[in-house]
Amino acid sequence: MDKIIITGGKKLKGSISISGSKNSALPILFATLLTDEKCEIKNVPTLADIKTTIDFLNFIGKSTKKNKNTVIAEQSAKLNHIAPYDLVRKMRASILVMGPLIARLGKVDVSLPGGCAIGARPIDIHLDAFKQMGAIIELKEGYVKVTAENGLKGADIEFRFASVGATENILLASVLAKGITRIINAAKEPEIVDLADMLIKMGAKISGAGTKIIIIEGVKKLSGCTHSVISDRIETATYMIATAITKGDVTLKNTNPQHLQIVIEKLIESGLRIKVKDDEMKIKWTKDLKPINIQTEIYPGFPTDIQAQWMALMSVVKGNSRVEETVFENRFLHVGELQRFGADIKIDGNSVSVSGVDKLSGAPVMVSDLRAGAALVLAGLCAQGKTEVLRIYHLDRGYETLEKKFRKLGANIKRVKDN
């Protein structure tokens, strides 16, 4: 097992290119199950979750190969309708296999995904939607068995909250359903729009992606296509905050500032200088930052996936700030680890109060989940002395070549074997 060692105190300087979006690439790869024809997906990051997805698709019956940042997916065998526990347990996004397989085969057996380190993430919204489209749901021996022998039928489906995963799953299922499906209170994230764009290239009839109501008119067949995944807005925001916390001067290329308006606004309000031009951002620390409160919300609000990184930044900004988490429960596991650096942080229900300290001190810390791990790396980059970050396999799920990109910006960071 690997660990990351950081000697903090280096100001980040230089430029890096942002990778393709993990949260966009995963549903897009599952969308290739909707056709027998060849799909070429570009700008796919090299991550543990991507490898898991490719292994999953190959098990289901696709021939899926990755060469650098391009994935080619073709049909190689009759599709398998069973998604076993050994595959599903590795990645919650595996639940997105349900939509395509119900649409193509009229049945799917998926192992229940189980718990999550950042709180319960139930799939009842997915299953209720499939029921409304005419599917029969059975829970048996740890599996969700979904059948629609005569195919799915279009329906008006209103989510009780704007679930990204459920929106993606119903999009994937409804493109081959009979009639018209309306997803009401749909998630509006850029990753939803990217998935819809890919499906439209395949021949799907979709309107309204990126708004509260998505309308899908089912078609009989989809074809192959070539599609390039959007840039990763969470990776972008992480490097923006890394620049701020190290008092650096960094240019980020191959990104989309439109996907991060609220984060950019909060950083500018804090005092960071940010210049935006097309797909490039120049971030520069020029003066002491001010403490800024944030509240996580569904898109286009402040992303829950940036909450931990923001907390790390506020821990070294003089003054008091609050961080409120409204999307997931139990997403403050990083607080105890940030306190090991000397951060002055107190939890109060779903909020955290942060009192900025003059400096953090390097410490051995342990990653609990992907974004918490990013926050610990950021703390280590600005802390005095040496930091050891353990259980970095979480980071490998969502950040492509993280330590290499930070080294390119001048950080003293390396990956070593943890014996």
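The values are calculated or read from the model by the stated rules, or taken from the named source; none is laboratory data. What you see is a predicted model, and the numbers here were worked out from it, not measured in a lab. Cβ placement follows ideal geometry from the backbone for every residue including glycine, while neighbour counts extend to all protein chains displayed.
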May I ask you to list the residues in region 398-419 that are surrounded by fewer than 19 Cβ atoms within 10 Å (Cβ to Cβ) and either among the polar types (S, T, N, Q) or touching a Gly at 6+ places or on another chain (Cβ under 9 Å) (or both)?
401, 408, 410, 412, 419
Just to be sure I understand, how many residues within region 1-16 are assigned to a strand (DSSP E or B), among the aliphatic types (A, V, I, L, M) and closer than 16 Å to residue 237 by Cα?
1
Subset of region 159-188 that is among the charged types (D, E, K, R) and surrounded by fewer than 24 Cβ atoms within 10 Å (Cβ to Cβ) - its residue that is nearest to residue 26 (Cα to Cα):
188
Can we say residue 407 is in contact with a strand residue (DSSP E or B) (Cβ under 9 Å, 6 or more places away or on another chain), without any contact (Cβ under 8 Å) to a residue 12 or more places away in the chain and more than 30 Å from residue 94 (Cα to Cα)?
yes
Would you confirm whether any residue within region 371-383 is at pLDDT 95 or above and either surrounded by fewer than 16 Cβ atoms within 10 Å (Cβ to Cβ) or not assigned by TED's automatic domain parsing to the domain that holds residue 239 (or both)?
no
Region 177-287: helices (runs of 4 or more DSSP H) wholly inside it with 3 or more residues that are without any contact (Cβ under 8 Å) to a residue 40 or more places away in the chain and assigned by TED's automatic domain parsing to the domain that holds residue 35 are 190-201
Go through region 221-250 and count every residue that is under 15 Å from residue 194 (Cα atoms) and in contact with a Ser or Thr (Cβ under 6 Å, 6 or more places away or on another chain).
4
